[in-house]
Amino acid sequence: MLCQECQERPASVHFTKVMNGQKTEVHLCDSCAQDKGEAFMSDDSAFSFNNLLAGLLNVSPVMQPSQPQKPEREPVKCSHCQMTFQQFLKIGKFGCPSCYESFRDELPPILKRLHSGNTTHHGKLPERQGGTIHLKRKVTELRAELKSLIEEEEFERAATVRDQIRVMEKEIHGEGGSPS
Amino acid sequence: MSLEKFLNQAVSSWMNEEGPSSEIVLSTRIRLARNHRKYAFPTVFTKEEARAVAEEVSAAVHKADERLEVLKMEELQGLEKRVLVEKHLISPNLAEDSGASAVWLSDDEEISIMVNEEDHLRIQCLFPGLQLKEALSKALQLDDAIEQHCDYAFDEHLGYLTTCPTNVGTGLRASVMMHLPGLMMTHQMNRIIPAIGQFGLVARGIYGEGSEALGNIFQISNQTTLGKSEEDIVEDLQRVVDQIIAQEKSAREALVKASGIQLEDRVFRSYGTLRYSRVLESKEAAKCLSDVRLGIDLGFIENVSRSILNELMILTQPGFLQQYAGGFLRPVERDMRRASLIRERLEMEEKKDKGGSEI
């Protein structure tokens, strides 16, 4: 088989790429494979990454279990895009934002493995949509402050912080909500 | 087309400007992955959905910064897309997908925003030298401006929801491209690569994972996107990069002390190869360019500008060679073109040097 790039030398590098669910066979000679190296191997590339990720998610394609796992359970499926959890494990990618909700129970061990044990976002919040999340974060911070103020017996300042928390909680739960 | 004219069109500002620590750090890249709340991810979306996403997020990008200009993938030729990939302005994935994908670029090509890549939006800022904080702040500013017009997929506990679970949370990939010939020659990279892994960072050769880095160029980036704020991720990367810069500098000093003349000989042999070869394979070109760049840094070579490595590493890629030649080239023709482009470029530097103040 000739290299599909230069149409000159015999192809010596063969692989399958999966893009948006479409499979493409790629056959290149050593020289063109090297030239295209960056294109195929940069960090955003799909090349071999799916296999690698599947391995990390603990379902390596070459080691697919011969018996289905937990056959007694209904397969978990995304309520919105209909992707199953098994499909997600196979391609290492979600189908839509709702997949995160649909697979919520299954995700922590995967996220821990991929993110050095972390499962919670501590970064930026969207400015406009962040809404009550900004307030909730602030309340968490203030609660920690309140605790240390009480420990230090700074009761006056503690009272101010407590009042701040109450106001924010009212806002979070809507004006009529209980601030408990 | 004359080489000078071609260079003016081909070289982005991040390639030829000298940034902080630019003797070792070639460039800094910040990337944020974002998605529209309403639509399926590019993994499964239909063509109609792809078009709707492209329309909606493109409108948001345009409103966020009216100076950005769009290039639609379906309207570009294969070679044009390849050149964009080689300039690191789009990913190979985006180049391959012809359905409703696009890239928004700033005039100086410091900003590039990909639409319908693996995620609906990939906001990217590329700066010369080591400028992590500056690039992050620019990217976050753009992100805020786009979010004013686009409902992002965001979860209170998981952060920004991305197609791949490796990006969820901040969606941030911060990377620094480093030229590390001293650490390679003193065989220290094998020790450094696993060590930085313990900090949630990863080092890759830019021309392939794991294997020897062509041209001694490594990309150091964060691997984890959950559990740390954007600022902390960038700060951790900055600390490690500062350490690597210090180690590279001391490796270079040690090399000059221990075998200065051999090093100088190696540099000038490589310069000779670049200056006079008629056929140059990409691997040899990368090695020689790295040596010459080191020679410039160490003061052995004075008449060549430092940015030449960044520039020629990019310009001698197949896409650029073919664009310069004006058509398809067989591999052997590319090797010839590569040699002649480098010869011409170095000749230009020599003339510039002799001409004194000519710029």
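Structure summary
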item: Linear extension gain, B:LYS352 paired with B:ALA145, 0.36 nm per residue minus alpha-carbon span; result: 70.2 nm
item: Pair A:ARG137, B:PHE6: separation of 7 Å Cα→Cβ label points (nm); result: 4.9
item: Reachable aspartates and glutamates, given that their alpha-carbon falls under 15 Å from the alpha-carbon of A:LYS138 and they are not under 8 places away in the same chain; result: A:GLU127, A:ASP163, A:GLU169, A:GLU171, B:GLU156
item: Cα gyration tensor shape of region B:47-103, rounded if a/c is under 1.5, else prolate or oblate by comparing a/b with b/c; result: oblate
item: Rounded if a/c under 1.5, otherwise prolate or oblate - the protein assembly as shown, Cα gyration tensor axes; result: prolate
item: Estimated [θ] at 222 nm from DSSP helical runs (n ≥ 4, -39500 (n - 2.57)) normalised by residues in chain B, nearest 500; result: -16000 deg cm²/dmol
item: Packing rank of A:137-147, B:118-128, where each peptide gets the mean count of other beta carbons within 10 Å, highest leading; result: B:118-128, A:137-147
item: Entries of A:LYS112/A:LYS170; B:LYS5/B:LYS87; A:LYS93/B:LYS63; A:LYS93/A:LYS136; A:LYS112/B:LYS228; A:LYS90/A:LYS112 with Cα pairs more than 24 Å apart; result: A:LYS112/A:LYS170; A:LYS93/B:LYS63; A:LYS93/A:LYS136
item: Spatial separation of Cα centroids for region B:231-280 and region A:150-168, in angstrom; result: 57
item: Additional length obtainable on full extension of the chain from B:ASP155 to B:ASP265, 0.36 nm per residue less Cα span; result: 33.8 nm
item: Equivalent-ellipsoid semi-axes of region A:92-133, from the Cα gyration tensor, Å, largest first; result: 21, 15, 9
item: Amide H partners (placed H, <5 Å) of B:GLU118, local residues excluded; result: none
item: Pairwise label distance in nanometres, B:GLU48 with A:GLN129, each label 7 Å out on the Cα-Cβ vector; result: 2.3
item: FRET efficiency estimate (nearest 0.05) - Cβ-Cβ, B:ARG306 to A:ASP30, R0 22 angstrom; result: 0.10
item: For region B:112-117, Karplus couplings with θ = phi - 60° (6.51, -1.76, 1.60), whole Hz, Gly/Pro x; result: 9, 10, 8, 10, 6, 8
item: Cβ-derived FRET efficiency at R0 35 Å, B:ALA246 paired with A:PHE15, nearest 0.05; result: 0.35
item: All-pairs Cα distance distribution in chain B, expressed in whole percent, bin size 10 Å; result: 5, 23, 31, 25, 12, 3, 0
item: Radius of gyration and maximum dimension Dmax of region B:242-359, Cα, Å; result: 15.5, 48
item: In the B-A interface, the accessible area buried, summed over both sides, Å² (probe 1.4 Å); result: 5300
item: Subset of B:LYS72/B:LYS283; B:LYS283/B:LYS351; A:LYS124/B:LYS283; B:LYS81/B:LYS287; A:LYS77/B:LYS72; B:LYS249/B:LYS287 violating a 30 Å alpha-carbon distance limit; result: B:LYS72/B:LYS283; A:LYS124/B:LYS283; A:LYS77/B:LYS72
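The values are calculated or read from the model by the stated rules, or taken from the named source; none is laboratory data. Computed from a prediction, not measured in an experiment: that's the story for all the values here. Backbone-built Cβ (ideal geometry, glycine too); neighbour counts: all protein chains shown. In case anyone asks, the SASA skips ligands and DNA or RNA and just uses the protein heavy atoms, side chains included. Shrake-Rupley method; radii C 1.70, N 1.55, O 1.52, S 1.80 Å.
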